[in-house]
Every structure is written in C-alpha cells, then in structure tokens.
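K.L.:
One structure follows; several queries about it will come next.
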Amino acid sequence: MQNENRLVKNAWFWIFIFIVLGCVYAVSNHVYQTKLAANSIATEHASEVRNDYNKIKMHDEKSTIITLFRHPDKTSEKDIHGLQGEKLTWKFKDGKLTVTFHNGKVVGKSLTKNVNSDTKLVNQTNIDNINNDSSYQNVVNKLGNPAFESTKLVDKQSYQTIKYPTDHNGNGTLFTFFNDHLSSKTETTLN
C-alpha cells in the first residue's frame, strides 16, 4: 500500500512538472514571437520604410543594414554577374525591401510598394514632360515616390530603375538611369 501511495505521489509530481514545463515553454515561445515581431518591419508601410531605405548606401556593411532593418524575412544566395552574393528580403505591410550583398557589402537594393486600388496613379502627361537626361532626383521631385525602385552597382557604375503606375490594371512607366542620368523611359507592367 505504501508503495502504491508513493507511486501515485510520484506520478502526480511528474504530471505537475510536465504542466509547469509546458506553461514555461508556451510563455517563452510567446515572448520570443513577440520579440521577433518587434524586430521586424512587417507592421510598417512603404512610406515609413522608404526613409530608412534612402539611408542605404552602396558598399555599406551587412551589419549596418541588419541594425537598420533587423532580421530579414528571407535570406538567399544570389549570382551577381558571375559572382556569389547574398540577398536579404524584408516584407512589410504593403510591399517588400531587398538588399543584395557581395563580400558583405551592399551592391544592390530595391523597394517595392504593392499596387492596389488606393495607389496614387501618375498622369501620362506628367510622365511625357520628363526630359531625357533628367536626374533620378528630378524625376522623383516631379512625380513623387515610385511604386518600385532598384539601385545596382556594377563595375563602379550605378544603375537605377523606377516604376510608376499609370492605371490600376498594372500598367506603368519604367525609368532607367545610368550614373544618375535618365537613359530610357518605357511603358511596362508593374507586376
């Protein structure tokens, strides 16, 4: 009888321990998920992310970018003109941010804002009034922030691409810049 009581007490002891451990795990997992969400840009909008995006400079260290944007949502290897690189992607409320590295230094960046029915459209007349050889900043000053932009550094040459929506069906205009001078303006789809 004593052995049975001892066995029952031991069983209840271990059940209690498992319940406590389960609760501790649940709480710690919740705290971890909360910290993970706090260390993410997932709840921010493109306009909020853009300010930090504009701070990214070519040749910045990867650690600088991680400090600025916290942990990425996705990491992948990328071939950059025959060289091995790394691409980090952060998703946020209405778009995504991608930064490409070679040897731990920024060689490319892009910011994409999702186009939807609330997206401000750019008037075709305003697009047509952009002169050839305009600078990137001149175009942004005239048309506002683009729905998509990308900057790449290739052999010490800067290439920028920006896209503006002209309708809610996904059509728009693509501007390409070479060393900060407009080199082409093309009608395209934004998807």
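K.L.:
Could you order the peptides 93-104, 179-190 from most to least packed, using the average number of other C-beta atoms within 10 Å per residue? Please list the in-between numbers first.
P.N.:
Details: 93-104: 18.0, 179-190: 13.8.
In decreasing order of mean packing, 93-104, 179-190 become 93-104, 179-190.
K.L.:
What is the Å³ per residue value for the convex hull set by the Cα atoms of the range 46-189? Walk me through the numbers before you get to the answer.
P.N.:
Values: hull volume 16.1 nm³, N = 144.
Considering the Cα atoms of the range 46-189, their hull volume per residue is 112 Å³.
K.L.:
Give, in nm to one decimal, the length gained when the segment between residue 73 and residue 125 is fully stretched (0.36 nm per residue of separation minus the Cα-Cα distance).
P.N.:
Numbers: separation 52, 0.36 × 52 = 18.72 nm, distance 3.86 nm.
Extra length available between residue 73 and residue 125 comes to 14.9 nm.
K.L.:
Let me ask another. At a Förster distance of 45 Å, what's the computed FRET efficiency of residue 189 paired with residue 63, Cβ-Cβ distance as r, to 0.05? Mind dumping the intermediate values first?
P.N.:
Working: r = 37 Å, r/R0 = 0.81.
So, using R0 = 45 Å, E works out to roughly 0.80.
Readers should treat all values here as calculations from the given coordinates under stated rules, not as data from a laboratory. Just so you know, these numbers come straight off a predicted model, no measurement behind them. Heads up, the Cβs are rebuilt from the backbone with ideal geometry, glycines too, and the neighbour counts pull from every protein chain shown.
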